[in-house]
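K.L.:
Here it is, the structure, as structure tokens.
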Amino acid sequence: MTKHAVYPNLFSPLDLGFTSIKNRVLMGSMHTGLEEADNGFPRLAEYFAERARGGVGMMITGGISPNMEGGYGAKLSTPEEAEDHRLVTTAVHAVDPDIKICMQILHAGPLAGTPACVAPSAIPSRIARMVPNELDDAGVQKQIDDHVQCTKMAQLAGYDGVEIIGSAGYLLSTFLVEKTNQRDDQWGGSYENRMRFPLEIMRRCRAEVGENFILIFRIAAMDMLQGGMSWDEVVLLAKEMEQAGATIISTHFTWHEATVPTIATMVPRAAFAGVTGRLRKELKIPVITSNRINMPDVAEQVLVDGHADLVSMARPMLADAELVNKAFEGREDEINTCIACNQACLDHTFGGKSVSCLVNPRAAHETLLNYHPTGTPKKIAVIGAGPAGMSYATVAAERGHSVTLFDAASEIGGQFNLAKQVPGKEEFYETLRYYKRMLEIYNVELCLNTMVSAEHLKQRDFDHVVVATGITPRTPDIEGINHPSVVSYIDVIRGNCEVGNRVAVMGAGGIGFDVSELIMHSGVSGALDRDVFAKEWGIDFENHPRGGVTGVVPQVAKADRQVYLLQRKSSPVGRGLGKTTGWTHRISLAQRGVKMLNGLEYHKIDDQGLHISTDGMPSVLEVDTVIVCAGQLPKRGLFDQITAMGMDASLIGGAFEASELDAKSAINQASYLAAAI
Ligand code: FAD
Ligand code: NAP
Ligand code: SF4
């Protein structure tokens with residue numbers, strides 16, 4: 001077989017002895033919410049089939065519980081339940097029988113969040129709502145039996161294998177760690193005893209399914225817990241798993257309760273692959289690495305470096321189901337790259353909503369949102385090339401409409417051109433690259449440096465006008481708001497104004513946080529440099545103390561400034577940020593010394609500074625710059641004018657609704673409307 005010219009490693013098969021995987025790309029497990037939804041399995045089948053058509057070598061489903069007490073979503077323990085899963089396996093194997101699909105068995109243990117949840121000891125997780133029920137010996141045996149039964153049912157359902165999760169703070173991992181396992185029977189005490197439960201599951205599952213079934217064990221290779229697993233314990237467990245019948249070891253890098261970001265956009269690409277590489281040297285069976293590997297060149301480099309045998313790209317497959325084919329065909333510039341925002345995937349999972357993707361609203365909605373060719377092509381003008389306008393223009397043009405996209409600026413992107421400049425948000429450049437290419441491919445006429453007016457549109461003969469003119473920043477009605485010390489976030493990010501050493505950031509929404517990060521930052525962005533990232537978050541990749549973090553003190557390079565981040569609401573500052581990433585921003589700013597104040601009233605701004613009161617107590621923040629980040633208002637004047645003139649128009653993105661608006665809702669709304677015109 002000839003080697004691929006650019007990605008010779010990525011596109012080489014992996015021989016597992018009894019079977020092989022056709023390339024080295026794996027879609028890691030992600031819960032979509034469809035597993036429990038009414039009639040979710042037909043949608044799930046199409047979701048996986050689309051990714052199979054996209055060329056991936058192996059896929060792992062979202063976590064399925066082996067029993068009720070493991071309760072983190074759907075359960076599989078009966079032949080009737082296996083029938084649902086057969087829809088998925090049949091759909092995938094119909095695309096290509098060589099593509100492997102494995103089911104993840106996820107017993108949430110203390111994180112199940114129900115009164116029935118179980119654990120080795122009655123110790124609640126820091127992030128759980130319930131104190132788990134301590135298992136007695138018979139209870140432990142039952143959990144093992146249930147894992148075996150679940151594996152058997154997965155085999156019956158036509159899966160090529162299962163992945164058993166032994167990390168993240170779920171049941172198996174809580175047996176491994178002393179702080180969650182304080183038993184003194186054969187399942188606790190010494191490390192040998194603490195390993196017994198996961199090992200017994202692996203041995204019994206292997207005995208049940210025979211040799212020709214893939215069994216993957218997901219191990220916390222660096223659990224990010226103070227006092228977590230030592231490197232020797234990780235290696236010993238992996239070796240024992242190999243002996244117990246595991247086909248592949250998959251490395252994972254966190255417990256959910258850890259306070260180190262491991263997949264957010266501020267994490268450098270492939271930051272953890274080296275840890276997998278160290279484990280790989282200790283084993284004979286293949287290993288999988290993961291976390292922030294979002295482009296094919298990064299994946300290829302991981303393999304070249306000998307860090308892994310398979311590369312897991314989970315969220316990148318939500319962002320672009322065709323990623324693997326595009327890499328194979330040399331169309332990398334067409335890849336819709338995952339920006340690791342978590343906004344439509346993990347934030348939805350943990351918010352109880354069905355999963356999608358900020359940059360690809362079709363993800364997990366394959367049967368609901370499709371871009372079919374139009375039978376009635378129209379001449380469409382789209383005004384504003386921000387996320388809303390770009391996505392409307394590309395979808396409409398893909399469907400065969402003739403689209404002209406206007407923007408007053410000299411480049412496409414709208415506010416994404418501000419976002420991309422925030423340290424830790426460098427991935428936003430990829431989205432702009434993607435849209436630029438899509439506009440070329442679908443022959444969208446692009447008119448930059450063009451401030452569109454109603455008159456302008458009257459002179460052109462468009463069938464439909466889409467107004468995506470975005471927002472104008474809100475100017476709060478406060479005495480002294482025109483004082484020379486007051487500047488807008490736009491001017492700060494663009495570098496159009498001086499920022500002093502004592503700064504008040506008025507407004508603690510996403511933009512207030514981003515601006516505070518930007519002005520407190522010093523040196524290289526941690527997202528671009530693994531050593532800087534490791535220092536900032538207190539990770540020791542070299543010596544691997546317990547959990548990778550025990551005893552390591554974070555060291556942050558910061559600008560020489562005092563920054564106050566302010567809000568009027570009395571809720572904790574940053575509460576409105578993303579569920580799975582908000583805490584990383586709060587920690588990051590706190591480490592940089594930003595003072596976050598809530599529940600205050602603004603009175604006036606003058607030469608002395610910003611006059612505020614808290615609980616009726618007046619004070620003055622003696623600052624030399626006040627940066628206004630007080631939300632946004634829709635910019636819809638053009639829409640009002642042209643509809644008054646009788647033009648057929650629609651309004652999208654920030655111009656439609658500025659409060660609660662983010663790029664996720666802008667792209668989502670635009671895509672659905674463009675799919676329907
Ligand atoms: P915009 O992006 O505002 O685009 C409007 C475009 O219209 C502009 O390019 C403008 O030049 C053009 N325009 C306006 N009037 C005219 C006219 N008359 N003629 C021609 N062109 C015109 N969202 C997230 O979801 N996640 C994030 O992490 C995130 N981070 C952000 C960080 C920062 C610093 C900022 C500022 C925003 C961030 N956002 C984020 C918000 C997100 O960028 C916006 O929600 C999104 O850009 C709104 O898209 P839009 O297309 O409606 O408007
Ligand atoms: P926002 O999230 O609505 O925050 C606006 C802030 O301004 C709030 O803290 C609000 O708090 C304050 N405010 C509102 N009216 C005010 C007034 N009249 N005077 C003084 N303060 C006022 O908006 P944003 O930060 O401008 O962000 C815009 C959009 O971009 C949002 O949808 C956001 O989700 C998105 N975004 C997302 C991210 C991300 O990381 N996901 C990052 C950046 C932006 P108080 O009223 O309590 O003072
Ligand atoms: Fe990636 Fe964001 Fe899409 Fe999730 S929502 S897959 S993190 S781009």
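The values are calculated or read from the model by the stated rules, or taken from the named source; none is laboratory data. If you're wondering where the values come from, they're calculated on a predicted model, not measured in any experiment. Virtual Cβ from ideal backbone geometry, glycine too; neighbours counted across all protein chains shown. Remember, those area values only see protein heavy atoms, side chains included, never the ligands or the DNA or RNA. Shrake-Rupley method; radii C 1.70, N 1.55, O 1.52, S 1.80 Å.
K.L.:
Accessible area, 1.4 Å probe, largest first: how do His147, His348 sort?
P.N.:
Solvent-accessible surface, decreasing: His348, His147.
K.L.:
At q = 0.30 Å⁻¹, what log₁₀ I(q)/I(0) does the stretch 174-216 have when each alpha carbon counts as one equal point scatterer in the Debye sum?
P.N.:
After summing over all Cα pairs, the log10 values are -0.92.
K.L.:
How many nm separate the modelled label positions at Gln421 and Glu81, each set 7 Å beyond the Cα in the direction of the Cβ?
P.N.:
Each label point is offset 7 Å from its Cα along the Cβ direction, giving 5.3 nm.
K.L.:
Let me ask something else about it. Cross-link candidates for Lys284: which aspartates and glutamates have Cα within less than 16 Å, leaving aside residues fewer than 8 places away along the same chain?
P.N.:
Cross-link targets: Asp15, Glu240, Glu242, Asp309.
K.L.:
R0 = 22 Å: FRET efficiency of Asp491 with Ala409, Cβ-based, nearest 0.05?
P.N.:
Details: r = 15 Å, r/R0 = 0.69.
In this case the efficiency is close to 0.90.
K.L.:
Given the DSSP H assignment, sum -39500 (n - 2.57) over each helix run of at least 4 residues in the chain and divide by its residue total; what's the result at 222 nm in deg cm²/dmol, nearest 500?
P.N.:
Working: 21 runs with 215 residues, N = 677.
Computed ellipticity for the chain at 222 nm equals -9500 deg cm²/dmol.
K.L.:
I need the phi-derived Karplus couplings for the stretch 225-239: 6.51 cos²θ - 1.76 cosθ + 1.60, θ = phi - 60°, integer Hz, Gly and Pro marked x.
P.N.:
3J(HN,Hα) across the stretch 225-239, in whole Hz: 9, 4, x, x, 6, 7, 4, 4, 5, 4, 5, 4, 4, 4, 5.
K.L.:
Right, something else. Give me the accessible area of Ser356, 1.4 Å probe, in Å² rounded to the nearest 10.
P.N.:
10
K.L.:
Label-point separation (nm) for Ser659 and Lys458, each offset 7 Å from Cα along Cα-to-Cβ?
P.N.:
According to this spin-label approximation, the distance is 3.5 nm.
K.L.:
Ok, one more. Mind listing the phi-derived Karplus ³J(HN,Hα) values for the stretch 597-614, rounded to whole Hz, using 6.51, -1.76 and 1.60 with θ = phi - 60°, and x for any glycine or proline?
P.N.:
10, 10, x, 10, 10, 8, 10, 7, 10, 8, 4, 6, x, 9, 8, 9, 9, 10
K.L.:
If you don't mind, there's one more thing I want to ask. Roughly speaking, what is the centre-to-centre gap between the stretch 625-659 and the stretch 195-229 when only Cα atoms are used, to the nearest Å?
P.N.:
54
K.L.:
Additional query: Got a sec? What order do Lys595, Lys535 fall in by accessible area at 1.4 Å, biggest, i.e. largest, first?
P.N.:
Solvent-accessible surface, decreasing: Lys535, Lys595.
K.L.:
What is the stretch 14-338's relative contact order, in percent, from Cα pairs under 8 angstrom and six or more apart in sequence?
P.N.:
Computed over the stretch 14-338, the figure is 16 percent.
K.L.:
Here's something else I'd like to know. Viscosity 0.890 mPa s, temperature 25 °C: what is the translational diffusion coefficient of the chain from Stokes-Einstein with a Kirkwood Rh over Cα pairs, rounded to a whole number of µm²/s?
P.N.:
92
K.L.:
Still on this structure, I have one more. Suppose a student asked you for the relative contact order of the chain, using Cα pairs under 8 Å spaced at least 6 residues apart; what percent would you report?
P.N.:
It rounds to 12 percent for the chain.
K.L.:
Need one value: the accessible area of Tyr159 in square angstrom, 1.4 angstrom probe, rounded to the nearest 10.
P.N.:
10
K.L.:
Hey, what do the phi angles of the stretch 662-677 turn into as Karplus ³J(HN,Hα) couplings, whole Hz, using 6.51/-1.76/1.60 and θ = phi - 60°, x for Gly and Pro?
P.N.:
Here the 3J(HN,Hα) series is 9, 5, 4, 6, 5, 5, 4, 4, 4, 5, 5, 5, 5, 6, 9, 6 Hz.
K.L.:
Okay, next question. For the stretch 14-338, give the percent of accessible area contributed by carbon and sulfur heavy atoms, probe 1.4 Å, rounded to a whole number.
P.N.:
48
K.L.:
Provide, as a two-decimal number, the C-alpha radius of gyration of the stretch 14-338 over 2.2 N^0.38 Å, N being how many residues it has.
P.N.:
0.93
K.L.:
How big is the stretch 321-452 along each principal axis, measuring the range of its Cα positions in Å and listing the largest first?
P.N.:
41, 39, 33
K.L.:
Okay, moving on. How much area per residue is accessible in the stretch 489-630 when the probe is 1.4 Å and only protein heavy atoms are counted (Å²)?
P.N.:
Value for the stretch 489-630: 47 Å² per residue.
K.L.:
Counting only other residues whose beta carbon sits under 10 Å from that of Asn598, what net charge do I get with K and R as +1, D and E as -1?
P.N.:
With Lys, Arg at +1 and Asp, Glu at -1, the net is +3.
K.L.:
Taking 0.36 nm per intervening residue step and subtracting the Cα-Cα distance, what contour gain separates Asp184 from Ala138 on full extension?
P.N.:
15.0 nm
K.L.:
As a test question: what accessible area, to the nearest 10 Å², does Thr469 have when a 1.4 Å probe is rolled over all protein chains in place?
P.N.:
In the full protein context, Thr469 sits at about 40 Å².
K.L.:
Heavy-atom accessible area per residue, the stretch 14-338, 1.4 Å probe: how many Å²?
P.N.:
Here the per-residue accessible area is 32 Å².
K.L.:
How far apart, in nm, are two points set 7 Å out from the Cα along the Cα-to-Cβ line at Ala5 and at Cys447?
P.N.:
4.0
K.L.:
Out of all Cα-Cα pairs in the stretch 9-68, roughly what percent, to the nearest whole number, are more than 16 Å apart? Could you put the intermediate results ahead of the total?
P.N.:
Working: 955 of 1770 pairs.
Roughly 54 percent, once rounded to a whole number.
K.L.:
Next question, about the same structure. Given the Cα-Cα distance of Asp96 and Arg433 and 0.36 nm per residue of separation, how much length would full extension add, in nm?
P.N.:
118.2 nm
K.L.:
Once you list every other residue whose beta carbon is under 9 Å from the beta carbon of Met438, what net charge do they have if Lys and Arg are +1 and Asp and Glu are -1? Each step should come with its number before you reach the end.
P.N.:
On the way: positive: Lys436, Arg437; negative: Glu334, Glu398, Glu440.
Net charge in that neighbourhood comes out at -1.
K.L.:
With a 1.4 Å probe and all protein chains left in place, how much accessible area per residue does the stretch 358-452 have, in Å²?
P.N.:
Dividing the accessible area of the stretch 358-452 by its residue count gives 37 Å².
K.L.:
OK, next. From largest accessible area down, sort Asp145, Asp320; use a 1.4 Å probe on the protein chains.
P.N.:
Listed by decreasing accessible area, they come as Asp145, Asp320.
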